[in-house]
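Below: one structure, written as structure tokens.
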Amino acid sequence: MAVRRAYTSISILIRGSASPHTSMVAALRDRTVDVGLLREPPTDDTELAFGTVLTEPFVAVLPSGHPLAARPTFGVGQLADSPFVLLPRAVGPRLYDRITGLCTTAGFTPRVVQHAVERQTVCALVEAGLGVSLAPESIRRIRLEGVAFRGIGPGSPRTSVAVARRANDPNPLVARLLATLGQRPSGTP
């Protein structure tokens, strides 16, 4: 990791949470952390600044025996009759809304039959046949024999991960870290 190599004397704390989106925003606001990563960051927050560091397509997460698992890609609308397993909205409200929005755009409201707070559990429930899911492509790193990951269309909808920090933070270490990530601090041209 470039950040670890560039800043050997700085402590980098990596932590997860059952509600990573809301806890990271709160940690930034209360100055518990200086920089964080958020998937689908808020667009209306004036206290914090965000810069995209990664975009990736969404994929369908299917039981390997699902009829659509035999196809490399398909439209989201073809999942309309399937039950869904999703992360709870509280874990990532904007990601949840993006996923349900993809379904709405495809002409249906997903019938969510189970929520799970971790992506690994979502995949395990899909493998057990409880339903299907939509998730960022990085979920493919979870390897379960009974789970198939397939591209969705049209247009391969994408999701983003952003580096988040307090707007106009004067901390020079934050500025250096942002530069390492290819970002500019707020207030710079």
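The values are calculated or read from the model by the stated rules, or taken from the named source; none is laboratory data. This structure is a prediction, so every number in the text was calculated from the model and none was measured. Every residue, glycine as well, gets a Cβ built from its backbone with ideal geometry; the counts of neighbours run over all protein chains shown. Each accessible area value is taken on the protein alone, full model and side chains, heavy atoms only, with ligands, DNA and RNA left out. Shrake-Rupley method; radii C 1.70, N 1.55, O 1.52, S 1.80 Å.
Just tell me the longest site-free run in the chain, where the sites are GluC sites (Glu not before Pro) in a DSSP loop having at most 12 other beta-carbon atoms within 10 Å. List each step's numbers first, then the result.
Details: sites that count: E47, E145.
Here the longest segment lacking exposed loop sites spans 48-144.
I need the phi-derived Karplus couplings for segment 153-163: 6.51 cos²θ - 1.76 cosθ + 1.60, θ = phi - 60°, integer Hz, Gly and Pro marked x.
Listing the rounded values in order: x, x, x, 6, x, 10, 10, 10, 10, 10, 7 Hz.
I'd like to check one number: the per residue accessible area of segment 1-145, probe 1.4 Å, reported in Å² as a whole number.
Values: 7990 Å² over 145 residues.
Spelled out: the 1.4 Å probe surface of segment 1-145, per residue, equals 55 Å².
If contacts are Cα pairs under 8 angstrom and at least 6 residues apart, what is the relative contact order of the chain in percent?
35 percent
Size of segment 120-173 along its principal axes in angstrom, Cα-based, largest extent first?
In descending order, the Cα extents are 50, 27, 16 Å.
Between segment 119-161 and segment 62-107, how many Å separate their Cα centres?
Each part's Cα centre sits 9 Å from the other's.
Based on the Kirkwood radius over alpha-carbon pairs, what value in µm²/s does the Stokes-Einstein equation return for the translational diffusion coefficient of segment 25-163 at 25 °C and 0.890 mPa s?
My calculation gives 156 µm²/s for D.
Starting at 0 and stepping by 5 Å, how many percent of the alpha carbon pairs of segment 68-140 end up in each bin?
Final binned percentages: 3, 16, 28, 29, 19, 4, 0.
Please find, in a Gaussian network model of the chain (springs between Cα atoms separated by less than 10 Å), the residue of R165, R150, R31 whose mean-square fluctuation is greatest.
Of R165, R150, R31, the Gaussian network model singles out R31 as fluctuating most.
Roughly how much of L173 is accessible, in Å² to the nearest 10, using a 1.4 Å probe?
About 80 Å², rounded to the nearest 10.
If you roll a 1.4 angstrom probe over the protein chains with everything in place, what fraction of the accessible area of the chain belongs to carbon and sulfur, to the nearest %?
Details: 5370 of 10130 Å².
Result for the chain: 53 percent of the exposed heavy-atom area is carbon or sulfur.
Please report the accessible area of F50 (heavy atoms, 1.4 Å probe, ligands and nucleic acids excluded) in Å², nearest 10.
That residue has around 60 Å² of solvent-accessible surface.
Return the calculated 222 nm mean residue ellipticity for the chain, to the nearest 500 deg cm²/dmol, obtained by summing -39500 (n - 2.57) across DSSP H runs with n ≥ 4 and dividing by the residue count.
-7000 deg cm²/dmol
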